[in-house]
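What follows is a set of notes on a single structure, which appears directly below.
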Amino acid sequence: MSKLPDVQNQAPQFMISIDRVGIINLRKRIKILHGNKAYDFSPIFSAYVSLPRQQRGIHMSRSSETIEEVIDELSYQAYSSLECVCKIMSETLLRKHEYSPRSEVVSSGILVVDILQEGFGKRQRGYEVFSKAISKRIGGTIKTRMFLGASAEGMTTCPCAKELMQSYAKEILLERKEDFNLNEMQIEQLLNIIPIASHSQRSKGTLCVELSREREIDILTLTEIIESCMSGIVHDVLKRPDEGKLVRLAHLNPLFVEDSLRLMAQRVVERFKFLSDESIIFMRVENMESVHVYNACAEKQSTIGELKKEFQEINSNNT
């Protein structure tokens, strides 16, 4: 049998380079080690390499084998982090595809962790988590950039609607202040401590951080930051008193989508001072509006250094 031609190495009809070509949506099972616990995780992987203009195609089987080999070889071990998996795959891709100057591996999935919920004890909660590794040939070595991200949901209440309802309540109380034996100052004090009605919505926050080394940031730190930027933290199950408490506290802490994003930026600067100033930060908050037919969304991409500078300017202006 004659040797089969290497069709992928043939010259293409049009000599145009391609930024990314590869395989997508390959699901695998891995273990992630968090503290002294190991979590089963079934992410979806996508693997790409860049294709030079003179090459017709990549060796798709090589991309598939890279993911298969890395996962199968270490399937009985726990990875230290999700970004570690992507880094190993991305660098192996570049070694297998010697013609390519760049490779990229993206993974995403649901990570289920144990949490302590008041009134229920230990419960499970799932978070959308994702990671990306980009490897490049620089000189005679391979340099890799790693990104780690997560999404979490919460509850927000609208400040504008609250102000409208509070103004309406004040007018009603002023009209009947003699009936209730209240003066204007007492009315103001009451309105400041009583939860005032507003429309609420479920909100989804996303935070992605560029890392300089593996396990530099715990994935659950990202979800904690996101949830702390909402009016309230939502749960799959709530007892009636807990539901009342959540609604009450959320209405005492109304936030626009812009407020949540700026809070996230503040938390990032506060918690991640150790990151390199060149580390890229991406933040996004989406409110699933309850009184509109559309959703509200706010996004910001920056470096940690640029964020620090913005907050330094705020502090200097306030002094």
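Assorted remarks:
- Cβ-Cβ contacts under 7 Å between residues 6 or more apart (or on different chains), taken from a first residue in region 37-62 that is modelled with pLDDT under 80 to a second residue that is among the hydroxyl-bearing types (Ser, Thr, Tyr) and not in a strand (DSSP E or B), are listed as PRO52/SER17; PRO52/TYR99; ARG53/SER17; GLN55/TYR99.
- All positions within region 241-282 that are in a helix (DSSP H, G or I), in contact (Cβ under 8 Å) with a residue 60 or more places away in the chain and within 19 Å of ILE219 (Cα to Cα): VAL268
- Evaluating THR303 against the criteria (1) under 22 Å from PRO159 (Cβ atoms); (2) surrounded by 15 or more Cβ atoms within 10 Å (Cβ to Cβ) leaves one unmet condition, (1).
- Consider region 207-228 and keep the residues that are open to solvent by 20 Å² or more (accessible area, probe 1.4 Å) and of a type in the set (Ser, Thr, Tyr). The one that is farthest from the chain's Cα centre (by Cα) is SER212.
- Across region 213-234, a minimum of one residue is classified as more than 17 Å from VAL129 (Cα to Cα) and touching a Pro at 6+ places or on another chain (Cβ under 9 Å).
- Of the criteria (1) modelled with pLDDT under 85; (2) closer than 23 Å to LEU255 by Cβ, which one GLN124 fails: (2)
- Index of the failed condition, LYS122 passing every other in (1) free of Cβ contacts under 8 Å to residues at least 40 places away in the same chain; (2) in a strand (DSSP E or B); (3) more than 24 Å from ASP242 (Cβ to Cβ): (3)
- Pick from region 130-147, criterion polar (S, T, N, Q) and touching a Ser or Thr at 6+ places or on another chain (Cβ under 8 Å), ranking: most open to solvent (accessible area, probe 1.4 Å): THR144
- Verdict on VAL234 being assigned to a helix (DSSP H, G or I), in contact (Cβ under 8 Å) with a residue 12 or more places away in the chain and closer than 28 Å to VAL112 by Cβ: no
- Meets criteria (at pLDDT below 95, farther than 18 Å from VAL21 by Cβ and of a type in the set (Phe, Trp, Tyr)) for TYR99: no
Okay, residues lined up against (1) open to solvent by less than 40 Å² (accessible area, probe 1.4 Å); (2) at pLDDT below 80; (3) aliphatic (A, V, I, L, M):
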residue	(1), (2), (3)
MET230	yes, no, yes
HIS235	no, yes, no
GLU243	no, yes, no
LEU252	no, no, yes
ASP259	no, no, no
VAL268	yes, no, yes
PHE272	yes, no, no
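The values are calculated or read from the model by the stated rules, or taken from the named source; none is laboratory data. Nothing here was measured: the structure is a model prediction, and the numbers come from that model. Positions of Cβ are generated from backbone atoms using ideal geometry, with glycine treated the same way; all protein chains shown enter the neighbour counts. Note: areas computed on protein heavy atoms with side chains; ligands, DNA, RNA excluded. Shrake-Rupley method; radii C 1.70, N 1.55, O 1.52, S 1.80 Å.
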